[in-house]
Amino acid sequence: MYRNRLRLCSVLTIFIFLSGCATFRSEIKGEFGAKAKKNYNAEKVNVLFIFSHFKQIKGYDAIPKLEKNRQIIDDFDDLFIDALNELTNIKSYSTFTKFASDVSNPQRRHTKDSLMTANDYVIRVKFLKESSFVKHFLGTLFSTVSVTLLPVGYSKDYSVTVDVYNHDDVLIKSYMRQASLTKWVESLLIFIYPFHTERRKQEEIYIAFMHDIFKQIETEKALLAQ
């Protein structure tokens, strides 16, 4: 009897170690469809980008929460710099990332206000990542009971809102994009995992968001003198 239990435990352990996952992303909702137009000869301007990264687990969090510095997507600065190439008439730019702790940090709030005053335009970029607590709980339970033999999907919804303000703090343009990630967990998915990692697909969404919106800002001449 003991040996049978030991064999069963060994088999279950092997299945758990063989469990893999693969993540797939949706198309971008609200994607800009027009042909891009560049403004190489336009007057150069100074721009402040204010970033805020929110997350909310529906059924667990009452409201969206600002992510801490360590929780923000890895290498976000590299993704932003890559997308910044869509904008051709930026003379200089500054960035500021909002954190919940700013509420009790007058110095950071003063820094943000000073940067807003010193720049010609302010672009507020708000990212939101949402998931369902109930679906994740049930998916984890089902995956555990089936020893990951049956595929289980975990979905996350991503959105970004970009608002462009002029020096007088007047809203000029507003943009929004949405997409989702679905992460499947199942034993044999280990064979395709290296090609469909969650990190890579998440980066693809952020890159697509910023490239597409910055391209639309450029085409619509939102950063040209009004």
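The numbers here are math on the coordinates, done by the rules we state, and not lab data. Keep in mind the model is a prediction, meaning the values are calculated, not measured. We place every Cβ from the backbone using ideal geometry, glycine too, and count neighbours over all the protein chains shown.
List the aspartates and glutamates whose Cα lies under 13 Å from the Cα of K55, skipping any in the same chain that are fewer than 8 positions away.
Hits, sequence-local ones excluded: E67, E130, D157.
Assuming R0 = 22 Å, what is the FRET efficiency of I207 and D102, from their Cβ-Cβ distance, to the nearest 0.05?
Numbers: r = 27 Å, r/R0 = 1.22.
It comes to 0.25.
Round to a whole angstrom and tell me the spacing of the C-alpha centers of the stretch 41-72 and the stretch 21-39.
Going from one Cα centre to the other spans 19 Å.
For the pairs K38/K129; K183/K215; K35/K58; K38/K68; K91/K112; K129/K215, note any where the Cα-Cα span goes beyond 26 Å.
The answer is K38/K129; K183/K215; K35/K58; K38/K68.
Label-point separation (nm) for A36 and Q71, each offset 7 Å from Cα along Cα-to-Cβ?
Rounded to a tenth, the inter-label distance reads 3.3 nm.
Note the full-extension length gain between S174 and K91 as 0.36 nm times their separation in residues minus their Cα-Cα distance, in nm to one decimal.
27.7 nm
Would you please give the FRET efficiency between E27 and T161, computed as 1/(1 + (r/R0)^6) with r the Cβ-Cβ distance and R0 = 25 Å, to the nearest 0.05? Working shown, then result.
Working: r = 18 Å, r/R0 = 0.74.
Calculated value: 0.85.
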